[in-house]
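The structure appears right after this line, and notes come after that.
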Ligand code: TTP
Ligand code: MN
């Protein structure tokens, strides 16, 4: 008789045999079924636009594979694109490709709005060899002409077939940073996430709230945890000033892989 060892229990173990005889099933096998459910739900959750609640709903509908999802009409457009480009989206982009794309973006940006500053942040700016995505931070040095840039820029990139699909594109929010808060956007979008958390905690300990738009004095009485947007923002123009203001040791972008 062959022995199967699984989680420390042998199927020949008298307790296992007793359980099967008395209950007709094996609780370890039920765990296996749960594992299958967890695995399927986490696979569905990897589809762009599918969160945990939707993933569970899709599982409960009887879907078990990505092909099952492809036949479901209830998916949103973004989720359908998430399925169509499932492998593409999961694949990391080699650094040199990001560099080429950054140059194209900068050139097209300059044609649309002379002087515009377009930087690739995220893992690319931190010097990583491959990138999960491309994070772009945009501003204009004159402080005003960034307004209305993004829709024109996106249209150009679509016309030249650089951009093929929209996963999300919100037309009502301005997603270019005005020059006076750009530095905060640059720090936040360069990351990494661990550094961001440390910088925010450090800000809180000094009575400020920090996000990608600035430092805000915390409101009295809220334990120093919150500031409000619209209250006086600190005017800082370089990343070094942000680190200095916090009393945080300066880190070059490639040193921010914490
Ligand atoms: P990401 O693009 O998710 O991360 P990344 O660029 O560091 O790595 P990847 O190669 O996988 O794309 O986010 C960009 C930056 O935004 C990240 O470096 C820090 C910030 N960020 C947070 O601070 N918290 C978060 O939860 C996420 C998702 C991002
Ligand atoms: Mn990224």
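The values are calculated or read from the model by the stated rules, or taken from the named source; none is laboratory data. In this text, all values refer to a predicted model and were calculated from it rather than measured experimentally. Here the Cβ is made from the backbone with ideal geometry for all residues, glycine too, and neighbour counts use every protein chain on show.
Here are some notes:
- Restricting attention to region 52-71, the residues that are part of a loop (DSSP other than H, G, I, E, B), surrounded by fewer than 16 Cβ atoms within 10 Å (Cβ to Cβ) and in contact with a helix residue (DSSP H, G or I) (Cβ under 7 Å, 6 or more places away or on another chain) add up to 1.
- Selection of region 200-210 for residues being under 23 Å from residue 123 (Cα atoms) and either near ligand 1 (Cβ under 9 Å from one of its atoms) or surrounded by fewer than 17 Cβ atoms within 10 Å (Cβ to Cβ) (or both) yields 200, 201, 202.
- Of all residues in region 96-126 being within 11 Å of ligand 1 (Cβ to nearest atom) and assigned to a loop (DSSP other than H, G, I, E, B), the one that is farthest from residue 185 (Cα to Cα): 126
- Among the residues making up region 115-126, those that are in contact with a helix residue (DSSP H, G or I) (Cβ under 7 Å, 6 or more places away or on another chain) and either modelled with pLDDT under 95 or away from ligand 2 (no atom under 13 Å from the Cβ) (or both) are 116, 118.
- For the criterion of being out of contact with any strand residue (DSSP E or B) (no Cβ under 9 Å at 6 or more places or on another chain), surrounded by 15 or more Cβ atoms within 10 Å (Cβ to Cβ) and in contact (Cβ under 8 Å) with a residue 60 or more places away in the chain, residue 127 fails.
- Checking each residue of region 106-120 against the condition of being farther than 24 Å from residue 151 by Cβ and surrounded by 13 or more Cβ atoms within 10 Å (Cβ to Cβ) gives no match.
- Single residue of 94, 14 found to be within 27 Å of the chain's Cα centre (by Cα) and without any contact (Cβ under 8 Å) to a residue 60 or more places away in the chain: 94
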